[in-house]
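Quick notes on the structure that follows.
The values are calculated or read from the model by the stated rules, or taken from the named source; none is laboratory data. All of these numbers come straight from a predicted model, not from anything done at the bench. Please note: Cβ atoms are built from the backbone with ideal geometry, for glycine as well, and neighbour counts cover all protein chains shown. Side chains are part of the model used for accessible areas, which takes the heavy atoms of the whole protein and leaves out ligands, DNA and RNA. Shrake-Rupley method; radii C 1.70, N 1.55, O 1.52, S 1.80 Å.
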Amino acid sequence: MLYRTTRRPLCLTLASLLLLAACAETPQTEANSPITPAQPQAPAVVSPPAQVSTAPVSAIDFATWRQQFRGKALQAGIQSELFDRVFAGVTPDPSVVRADGAQPEFTRPVWEYLEGAISPTRVRKGQALLSQHAATLSAIEQRYGVNREVLVAIWGMESSFGQFMGEQSVIRSLATLAYEGRRPQFAEDQLLAALQILQSGDTTPAGLRGSWAGAMGQTQFIPTTYLSHAVDFDGDGRRDIWGSSADALASAAHYLQASGWQMDKPWGFQVALPTGFDYALADTEIRKTYAQWHALGVKGTPAGLAAEDTGYLLLPAGHRGPAFLVFRNFGAILRYNNSSSYALAVGLLSARFDGGGQISGSWPKDERPLSRSERVALQEGLTQRGYNPGPADGIIGANTRRAIRAFQQSLGLPADGYPTPALLQQLQ
Ligand code: CA
């Protein structure tokens, strides 16, 4: 999955779809999938879609839209013969419209999300694949400077190592979203890129399969990411992220390389915080070297870090849960899927392949994540009190976290910026 617009998301995968609520820094849409659900703040996964927003009603019929898009596609260099062949018989897919409009009410707690993402089965499978593909992975590491463990972790997260890549027609899904989705321009750009993929001969219309959002293959790349970063690593002349694990892994490596991956550097590690720690320092915008964090009493095992490497403190479940220092490679994973829960899962899974990645301490399991409507209510309450959390969209981004911190500080509470049911109650 690679998508995201603003921050350049990349992907969208099944995993990301599952993530839904997570992320913190994410703006709404993008992240890996452009079309991927937004990632609000917390961790993950969604339960059954509780609300369906109304998709924009298109003012024109599908045939008219297709004719208009055909003109744009031809102008962009798509051959008319290809366009007409690919679009023959294509109709909007109602299931795609429903998926696009779904806004899950409930968010899975981060500890449950991680438990699912880093299951013993997935760890064992990944270890077996690391061994099976050792020669290919060595060659990929040499060419792109991206560690094999993170590639295999992403492979596992995105498609369960190629087992679940999505079976829908990418052309039909994207045509539906361009015609009547929530982000028609994004979908149209992806659709045009999908046509360019077909014109390049890398795959066939029948082979261009993916998720409802257009995320494709073992890496769940969206079409624009495919065009910019997919590579033919096995040398058969085609960039085949569906059928060739070598192509898929090398394509993911190429993307991570472009996102700033540093070979053999840690993505992050768990840390212990001292009593009385100022939790307001746990903010993606507050970056310090390990030496500076250490001077503040933050203690961890910084294997592989250089003195100048800077990172920020991540509290996935607020001040009552485990704390992590995360560095530049964590940011590279976020470029793949802009959800801190996703990036944490990838980091921990990659460490687990080598026997690490265990979390010490406990999660605040008595504290359930706020639902979507509760997050909206929280934002409304903060606004009423003058804290400026931004629009009440249910997404806990930087502005909302800042507003939560200010409210927490006014109450003399630890200012971790983490929304809880208790805090919501105090606002109301
Ligand atoms: Ca190939």
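Summary table below
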| quantity | calculated |
| --- | --- |
| Residue-count net charge about Tyr387 - beta-carbon cut-off 10 Å; Lys, Arg +1, Asp, Glu -1 | +3 |
| Helix-only [θ]222 nm of the chain, DSSP H runs n ≥ 4, -39500 (n - 2.57) each, per residue, nearest 500 | -13500 deg cm²/dmol |
| Magnitude of the charge dipole, segment 372-427, Cβ model with Lys/Arg +1 and Asp/Glu -1, debye to 20 | 100 debye |
| Point-charge dipole on Cβ atoms (K/R +1, D/E -1) for the chain, about Cα centre, debye to 20 | 460 debye |
| D (Stokes-Einstein, µm²/s), Kirkwood Cα radius, segment 213-294, 1.567 mPa s at 4 °C | 82 µm²/s |
| FRET efficiency for Ser80 and Glu367, using Cβ-Cβ distance with R0 set to 41 Å, rounded to 0.05 | 0.10 |
| Kirkwood-based shape ratio for segment 372-427, expressed as Rg/Rh from alpha carbons | 0.90 |
| Principal semi-axes in Å for the chain [√(5λ), Cα gyration tensor, largest first] | 36, 28, 16 |
| Percent of Cα-Cα distances greater than 19 Å, calculated over segment 156-295 | 59 percent |
| Carbon and sulfur %, accessible surface of the chain computed with the full protein complex present, 1.4 Å | 50 percent |
| Per principal axis, descending, Cα span of segment 317-428 in whole Å | 49, 29, 22 |
| Longest segment of the chain lacking GluC sites (Glu not before Pro) that sit in a DSSP loop with at most 12 other Cβ atoms within 10 Å | 1-166 |
| Residues of type lysines that Lys265 reaches as a straight line, Cα spacing below 30 Å, ignoring anything fewer than 8 places off in the same chain | Lys125, Lys288, Lys299 |
| Residue of Ile222, Ile154, Ile78 that the Gaussian network model of the chain assigns the largest fluctuation, springs spanning Cα pairs under 10 Å | Ile78 |
| Spatial separation of Cα centroids for segment 283-361 and segment 109-179, in angstrom | 21 Å |
| Mean Cβ count within 10 Å, highest first, over the residues of peptides 246-255, 210-219 | 210-219, 246-255 |
| Phi-based couplings in Hz for segment 411-428 (Karplus 6.51, -1.76, 1.60; Gly and Pro marked x) | 9, x, 9, x, 8, 8, x, 9, x, 10, x, 5, 5, 4, 4, 5, 6, 8 |
